[in-house]
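The values are calculated or read from the model by the stated rules, or taken from the named source; none is laboratory data. Note that this is a predicted model, so its numbers are computed, not measured. Here the Cβ is made from the backbone with ideal geometry for all residues, glycine too, and neighbour counts use every protein chain on show. Areas reflect the complete protein model, heavy atoms only, side chains present, ligands, DNA and RNA absent. Shrake-Rupley method; radii C 1.70, N 1.55, O 1.52, S 1.80 Å.
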Amino acid sequence: RINQISCNFFQSMEDSYKSTLGFCLRHRILTISLSLLVLIGSLSLIPLIGTEMMPETDEGEIRISIEMEVGSKLSLLHSTALEVENILEKELPEAENIIVFLGGAGWRLSGSHVGEFRIGLVEQSKRDRSSQEIAADLRRKLNHIPGASIRTRAGQGLFILRLGTTDGDRIEVEVRGHDLDVASALAESVREILEDVEGLGSPRISRETGVPEEMIIVDRARAESMGISVSAAANAIQTVLSGSRAGNFRDGGDEYSILVKLKDSQLMPINELLDVTISGHDGIPVALRNLVNLESGFGPMSIERKDQERIITVSTDLTHRDLSSVIADIRERISLMPIPRGFNITFGGDYEEQQKAFSELSLGLILALVLVYMVMACLYESLRDPFIVMFAVPMAVIGVVLMLFLTNTTFNIQSYIGCIMLGGILVNNAILLVAQTNMARREEKLEMFAAIQEVGRRRLRPILMTALTTIFGLMPLALGVGEGGEAQAPMARAIIGGLASSTLITLVFIPVIYSFIARKDPALSSVSEFQV
């Protein structure tokens with residue numbers, strides 16, 4: 001009985017579909033116009049869909065960074081870390097394990113004033129809050145600790161892409177320029193801008209200043225009057241402080257470099273080191289203190305470079321907003337900031353990687369469509385029929401845009417991969433219609449419009465079966481359930497939306513396009529087919 005009901009249902013659907021294929025000129029133009037209007041309407045929704053490199057996922061990890069004043073003792077950092085631990089014990093029942101690094105850890109150059117907590121959470125099914133919600137809650141409860149800058153963020157995937165970034169933050173603004181003081185001032189202005197942008201955490205400047213240093217500056221005029229070049233004075237200072245190579249010592253088959261330096265120079269005060277003499281005019285010894293000036297100051301712990309330029313990175317994390325809208329807000333505010341000559345401000349982090357990935361994926365999408373067309377042209381032995389089939393591709397844009405918009409999904413690498421996959425999936429239905437219509441006209445000698453209607457009735461059920469099996473097969477993946485399910489959900493949603501819209505619209509749109517393009521083909525039919 002169920003089988004009979006199903007057969008009757010599909011039979012009525014096929015008959016209804018055949019009757020809707022009207023081929024008067026007015027109906028065909030109306031079909032094309034409505035399809036184009038729906039396509040244009042969906043394109044207008046694209047600005048409302050955010051973009052980012054990868055979807056936000058729950059990695060089951062929280063990271064807390066502690067930063068104190070440069071030069072702070074390790075014992076002071078330890079006491080602050082104990083205070084953070086006490087708060088975590090009370091406010092974080094979801095914690096499974098906690099690893100603490102104090103005094104700097106990892107490959108990045110750090111000092112005794114920084115520390116990091118890496119907190120592993122229990123499985124997602126055993127907690128009520130996501131890692132992003134936990135990080136936001138901890139951020140509010142840790143901000144009151146005095147004397148320390150504490151940054152809290154959820155762990156992010158794709159750590160390989162973020163090895164060269166600052167603490168793996170998703171938002172990075174790079175200030176490029178040679179002058180350290182001007183660059184630091186610009187970085188501070190950028191940090192203030194990031195603090196006012198909605199959806200961002202506490203920004204951090206990568207270049208840390210405040211390290212005490214003694215600068216030895218050669219007085220060029222005084223050195224010239226004593227017959228000593230600047231390079232000779234600099235080499236003498238290098239020999240005193242760190243040593244210089246004076247030759248090689250050979251012992252049998254081994255050779256050793258000879259390093260000349262002042263004994264225990266690292267333990268001597270700077271004034272005693274400058275008592276070392278250097279030869280001037282006529283071999284007269286001159287003390288180094290007579291050639292140089294001492295200046296005390298503070299300098300950066302490290303100087304970062306990128307593309308052979310000095311940079312300072314202002315970085316922060318992103319919560320509950322898409323990357324493109326945040327970058328647009330930041331770019332609008334930075335455009336109002338005066339930038340000195342020789343400096344520029346660019347974006348790094350996820351935005352830079354996203355631009356590279358999207359550029360490569362765009363090339364992949366174009367190549368996929370070209371290859372699909374070439375394969376069909378070889379099999380059809382025609383350039384016209386594949387051209388008709390390719391009209392199904394724009395119709396997929398409607399479903400992709402609507403699905404991403406309705407599910408509040410961003411356009412990211414996974415969504416882009418889904419669009420590339422659609423290039424080979426969605427043409428299947430159009431291939432069925434075009435190939436079967438040509439066969440009906442050639443073998444059954446049907447008139448073109450009659451062939452289109454009859455083939456549409458015959459192939460409706462196979463087309464719906466292939467589309468629905470793919471859609472329902474991807475449904476669990478599109479729901480994003482389970483650990484890490486959020487990462488693959490955008491791809492499945494893009495495929496489902498594109499396949500659904502392409503299937504429904506091309507069932508009417510492709511026959512109409514075929515009726516315009518393929519009506520003049522003596523090889524298929526000798527019957528006059530210029531009926532309106």
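Quick look at the numbers
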quantity	calculated
Positions within the stretch 212-231 being within 25 Å of Gly297 (Cα to Cα) and in contact with a helix residue (DSSP H, G or I) (Cβ under 8 Å, 6 or more places away or on another chain), in sequence order	Glu214, Ile216, Val218, Arg220, Arg222, Ala223, Val230
Every residue from the stretch 298-333 that is touching a residue at least 12 places away in the same chain (Cβ under 8 Å), more than 30 Å from Leu404 (Cα to Cα) and either part of a helix (DSSP H, G or I) or open to solvent by 20 Å² or more (accessible area, probe 1.4 Å) (or both)	Phe298, Pro300, Met301, Ser302, Ile303, Glu304, Lys306, Glu309, Arg310
In the stretch 512-532, residue farthest from Gln453 (Cα to Cα) [restricted to those that are open to solvent by 10 Å² or more (accessible area, probe 1.4 Å) and at pLDDT 60 or above]	Ile517
Qualifying positions in the stretch 88-103 - open to solvent by 30 Å² or more (accessible area, probe 1.4 Å) and either closer than 17 Å to Arg63 by Cβ or among the β-branched types (Val, Ile, Thr) (or both)	Glu91, Ala95, Glu96, Asn97, Ile98, Ile99, Val100, Phe101, Leu102
Residue within the stretch 55-64 that is in contact with an Asp or Glu (Cβ under 6 Å, 6 or more places away or on another chain), assigned to a loop (DSSP other than H, G, I, E, B) and within 21 Å of Gly120 (Cα to Cα) present	yes
Verdict on Val393 being under 32 Å from the mean Cα position of the chain (by Cα) and either without any contact (Cβ under 8 Å) to a residue 24 or more places away in the chain or surrounded by 18 or more Cβ atoms within 10 Å (Cβ to Cβ) (or both)	yes
Candidate set from the stretch 411-448 (those that are modelled with pLDDT under 85 and in a loop (DSSP other than H, G, I, E, B)); member that is least open to solvent (accessible area, probe 1.4 Å)	Leu426
Residues of the stretch 263-274 satisfying the condition of being loosely packed, with under 12 Cβ neighbours inside 10 Å and part of a loop (DSSP other than H, G, I, E, B)	Lys263, Asp264, Pro269
Failed condition for Leu379, given (1) open to solvent by 30 Å² or more (accessible area, probe 1.4 Å); (2) touching a residue at least 60 places away in the same chain (Cβ under 8 Å)	(2)
Pairs, first free of Cβ contacts under 8 Å to residues at least 12 places away in the same chain and of a type in the set (Ser, Thr, Tyr) in the stretch 220-236, second surrounded by 14 or more Cβ atoms within 10 Å (Cβ to Cβ) and part of a helix (DSSP H, G or I), C-beta under 9 Å, six or more apart	Ser229/Ala223
In the stretch 460-478, the residues that are of a type in the set (A, V, I, L, M, F, W, C), surrounded by 13 or more Cβ atoms within 10 Å (Cβ to Cβ) and within 32 Å of the chain's Cα centre (by Cα)	Ala467, Ile471, Leu474, Leu477, Ala478
Checklist (1) within 30 Å of Glu224 (Cα to Cα); (2) among the aliphatic types (A, V, I, L, M); (3) open to solvent by 60 Å² or more (accessible area, probe 1.4 Å) applied to Val292, failing item	(3)
Residue tally, condition outside any loop (DSSP other than H, G, I, E, B) and either closer than 30 Å to Ala187 by Cα or more than 23 Å from the chain's Cα centre (by Cα) (or both), over the stretch 340-367	16
Qualifying positions in the stretch 31-51 - among the small types (Gly, Ala, Ser), surrounded by 12 or more Cβ atoms within 10 Å (Cβ to Cβ) and more than 22 Å from Thr410 (Cβ to Cβ)	Ser35
